[in-house]
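Take a look at the structure set out below.
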Amino acid sequence: MPLDSQSGETGSKTIYFDFDSYQIKAEYQPIVAAHAAYLASHPSARVNLQGHADERGSREYNIGLGERRANAVATLFSAAGAADSQVETVSYGEESPIAECHAESCWSQNRRAVIEYLAR
């Protein structure tokens, strides 16, 4: 996915995951790679990776799963040359859903990691 060098935008900042998984799917690899390349070439840029889970599972389990999702993205950023100091992670577990129905159509939207730029 192309990166706009002026704004640092890649078009997508959300990585979606399968149920009970923190493995980054092949379709999201280009998005992660574009952000990682931007970070590697802009040492002053910093991001916050926010891990999320759907409502199923205990609160504690979902916090852990959200953390593993954020860390999975951070690991790929690091492997692509981003400095650890450029990346923060936080897990919201099930606490910040973007879809609130109790069906797969909503749960699939809530299983995500969001890339938020803190500095460009």
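The values are calculated or read from the model by the stated rules, or taken from the named source; none is laboratory data. Nothing here was measured: the structure is a model prediction, and the numbers come from that model. Counting neighbours? That spans all protein chains shown, and the Cβs are built from the backbone with ideal geometry, glycine included.
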If we keep only residues of segment 65-94 that are of a type in the set (D, E, K, R) and assigned to a helix (DSSP H, G or I), then the residue surrounded by the most Cβ atoms within 10 Å (Cβ to Cβ) is Arg69
Original post:
Does Gly51 fit the bill of being assigned to a strand (DSSP E or B), of a type in the set (Gly, Ala, Ser) and either surrounded by 13 or more Cβ atoms within 10 Å (Cβ to Cβ) or modelled with pLDDT of 95 or more (or both)?
Top reply: yes
If we keep only residues of segment 28-49 that are polar (S, T, N, Q) and over 14 Å from the mean Cα position of the chain (by Cα), then the residue nearest to Gln86 (Cα to Cα) is Ser44
Scanning segment 82-111 residue by residue, those over 17 Å from the mean Cα position of the chain (by Cα) and in contact (Cβ under 8 Å) with a residue 24 or more places away in the chain turn out to be His102, Cys106
Exactly one of Ile98, Ile115 is surrounded by fewer than 17 Cβ atoms within 10 Å (Cβ to Cβ), in contact with a helix residue (DSSP H, G or I) (Cβ under 8 Å, 6 or more places away or on another chain) and not aromatic (Phe, Trp, Tyr), and that residue is Ile98
Inset, instruction - Answer yes if at least one residue in segment 95-116 is under 13 Å from Thr14 (Cα atoms) and either of a type in the set (Phe, Trp, Tyr) or touching a Ser or Thr at 6+ places or on another chain (Cβ under 6 Å) (or both), and no otherwise. - result: yes
Checked segment 22-48 for anything touching a residue at least 60 places away in the same chain (Cβ under 8 Å) and part of a loop (DSSP other than H, G, I, E, B); matches are His42, Ser44, Ala45
Item to complete: Inspect all residues belonging to segment 51-59 and state whether any of them is at negative phi and in contact (Cβ under 8 Å) with a residue 60 or more places away in the chain.
Response: yes
Restricting segment 20-33 to residues that are among the hydrophobic types (A, V, I, L, M, F, W, C) and surrounded by fewer than 19 Cβ atoms within 10 Å (Cβ to Cβ), the one farthest from Leu65 (Cα to Cα) turns out to be Ala33
